[in-house]
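The values are calculated or read from the model by the stated rules, or taken from the named source; none is laboratory data. Please read all numbers here as calculations on a predicted model, not as lab measurements. FYI the Cβ positions are ideal-geometry reconstructions off the backbone, even for glycines, and counts take in every protein chain you see.
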Amino acid sequence: MANRVRVSFGLAILLFTVGFIPTVTAESAVELDNPIWLAERDLGLEAIAVGGETTQKVLVAGAEGYARLLDGSDPTQQVELATPTEETIRAIDWHPRGKTALMVGDNGLMLRYVAEDHSVTTVTGSSQLVNLDMAAIAWNAAGSYAYVAGESGYIWAYYEGQDGQGVFEIVNDQIGSDITDIACQEEAQLCAVTTETDGIALIDTNTNHTMYWIGGEDRRWLGVNCGEPVFNRCAAIGEGRAIGSLGLDLQQPEQSTLFTQIIPNLGGEFTHIHKRAPGETLISMAPFQITAWDMSNAEAYEWVEYSDVSNASNALAGERLVGTWGTTDDANVGFIVTSFGAVVGFHPPVETSVWTDSLISYILAVVVLIAVPGVIFGLIFMNSEKLQRKYFQRRNAKREAAEQQRIDKEKAEKRAARKAKKS
């Protein structure tokens, strides 16, 4: 009998443990709307950037110099921009004040967009970039310098000099790996640089654009975002579903750290990373899938699952993603942009919020925590003759005591009745 008790107890422990094994669900956190098509042809979009002075605006651009301005909350409100080029635009960044933006691309292309009149012109002095393909552009927090980079590892610090003449200061003139992206901290004078084979570097604006290489040479890095202003962190994405968490040391940038995590249970590869909310980013993937990354807690979770997209539309599932953004009013509501030119809205499921699944999981865990101990003790009791014998002895003793109390009560009542008659 003792053996039976141990086996049943082991089964109960197994049930208890299974109740708390974490599960990964292949279900999107948000639902997708019908797409808005910017054109009837393939636009070959390559870049998006979110900015604006008083309201949220989004610039999208790509092949043959195509560029368009979208309203961040309602992308059906659009302004098509006339650009003086047929080169492909590869990257965009808004000035911190939101009145202008810079675009860079193939063959040294560098353009300035002015929100006041929606004009797009070539940046004066950018002719020195000709014959080099530019892939990255980012303004520092103060808006005093913009870093432009791309082919062969060259990086320049750009600012507008007297009479509107562009001034370019070389930051890195050593031939090396192509630069894939640059992102700057929103409230600190540090910018992060990702490369194809040279790893990740930081640029310190306060010390005449000093560069500090902090590691990651063993991986091809594809993009970086520094939209976490509280703990001074950036997140870089790399091949093999790698996410590099950059811990920035503002006083000693050379002491900054890089910690790389591989995100399992995902199909496809990372392509772009964009800010959804402070400390929260959305990582675009190929094929059509989006993973959310919490920079503060270094945690990833599904945002848009490929199977949900393919079940809804095979054509849309085959689209290449360019980027995403969350709206100003609600970061759980936003839009996805594809290379072809589709703008797809997303929002939390109508019947639940984004966090409902987690809440249900916690409730179930509490229920299991309350119920399982009872199951354990029940199994032990059913398989123990000693416990059963003690239980029945105690129950019978209670019944006998109650019966004796009833008899004593009846006797007392009879004695009282006889005494009353005699008197």
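Using the structure shown, decide if S284 is of a type in the set (S, T, N, Q), buried (at least 21 other Cβ atoms within 10 Å of the Cβ) and not in a loop (DSSP other than H, G, I, E, B). For S284, the condition - of a type in the set (S, T, N, Q), buried (at least 21 other Cβ atoms within 10 Å of the Cβ) and not in a loop (DSSP other than H, G, I, E, B) - is met.
Against the test of being of a type in the set (D, E), buried (at least 21 other Cβ atoms within 10 Å of the Cβ) and at pLDDT 95 or above, the options E46, E64 yield a single qualifying residue, E46. Of the residues making up the stretch 294-345, those that are free of Cβ contacts under 8 Å to residues at least 24 places away in the same chain and buried (at least 18 other Cβ atoms within 10 Å of the Cβ) number 0.
Given the structure, is V224 within 23 Å of P96 (Cα to Cα), touching a residue at least 12 places away in the same chain (Cβ under 8 Å) and not in a strand (DSSP E or B)? Here the answer is no, as V224 does not meet what is asked. When the residues of the stretch 76-130 are narrowed to those that are within 15 Å of L59 (Cβ to Cβ) and small (G, A, S), which ends up nearest to the chain's Cα centre (by Cα)? My answer is A91.
Of the residues examined, T197 is not one that is surrounded by fewer than 22 Cβ atoms within 10 Å (Cβ to Cβ), assigned by TED's automatic domain parsing to the domain that holds P229 and closer than 19 Å to P253 by Cβ.
For first residues located in the stretch 182-203 and at positive phi, partners that are in a strand (DSSP E or B) and lie 6+ apart or on another chain with Cβ distances below 7 Å form the pairs G199/W213; G199/G215. Of the residues making up the stretch 106-119, just one is part of a strand (DSSP E or B), surrounded by fewer than 19 Cβ atoms within 10 Å (Cβ to Cβ) and touching a strand residue (DSSP E or B) at 6+ places or on another chain (Cβ under 7 Å), namely V114.
Here are W221, W213: which of them is modelled with pLDDT of 95 or more and surrounded by fewer than 20 Cβ atoms within 10 Å (Cβ to Cβ)?
Details: W221 fails: surrounded by fewer than 20 Cβ atoms within 10 Å (Cβ to Cβ).
Only one candidate passes the filter, namely W213.
Identify all residues within the stretch 80-124 that are touching a Phe, Trp or Tyr at 6+ places or on another chain (Cβ under 7 Å) and closer than 15 Å to Y147 by Cβ; write none if there are none. Those that are touching a Phe, Trp or Tyr at 6+ places or on another chain (Cβ under 7 Å) and closer than 15 Å to Y147 by Cβ: D93, H95, P96, A101, M103. Taking E46 as the residue in question, decide whether it is assigned by TED's automatic domain parsing to the domain that holds I336, within 27 Å of I336 (Cβ to Cβ) and assigned to a loop (DSSP other than H, G, I, E, B). When the stated conditions are applied, E46 does not pass them.
Total residues in the stretch 139-189 satisfying the condition of being buried (at least 23 other Cβ atoms within 10 Å of the Cβ) and of a type in the set (A, V, I, L, M): the figure is 7.
If the condition is being over 26 Å from G244 (Cβ atoms) and either outside any helix (DSSP H, G or I) or touching a strand residue (DSSP E or B) at 6+ places or on another chain (Cβ under 7 Å) (or both), then the stretch 317-331 contributes G318, E319, T327, T328, D329, D330. Among the residues of the stretch 77-94, the one identified as of a type in the set (V, I, T), surrounded by fewer than 20 Cβ atoms within 10 Å (Cβ to Cβ) and part of a strand (DSSP E or B) is V79.
Scanning the stretch 138-171 for residues that are under 14 Å from E87 (Cβ atoms) and assigned to a strand (DSSP E or B) turns up just one, G150.
So which of L248, L190, L202, L266 ends up being at pLDDT 95 or above and under 20 Å from the mean Cα position of the chain (by Cα)? Lay out the reasoning, then the answer.
Details: L190 fails: under 20 Å from the mean Cα position of the chain (by Cα); L202 fails: under 20 Å from the mean Cα position of the chain (by Cα); L266 fails: at pLDDT 95 or above.
Result of the check over L248, L190, L202, L266: L248.
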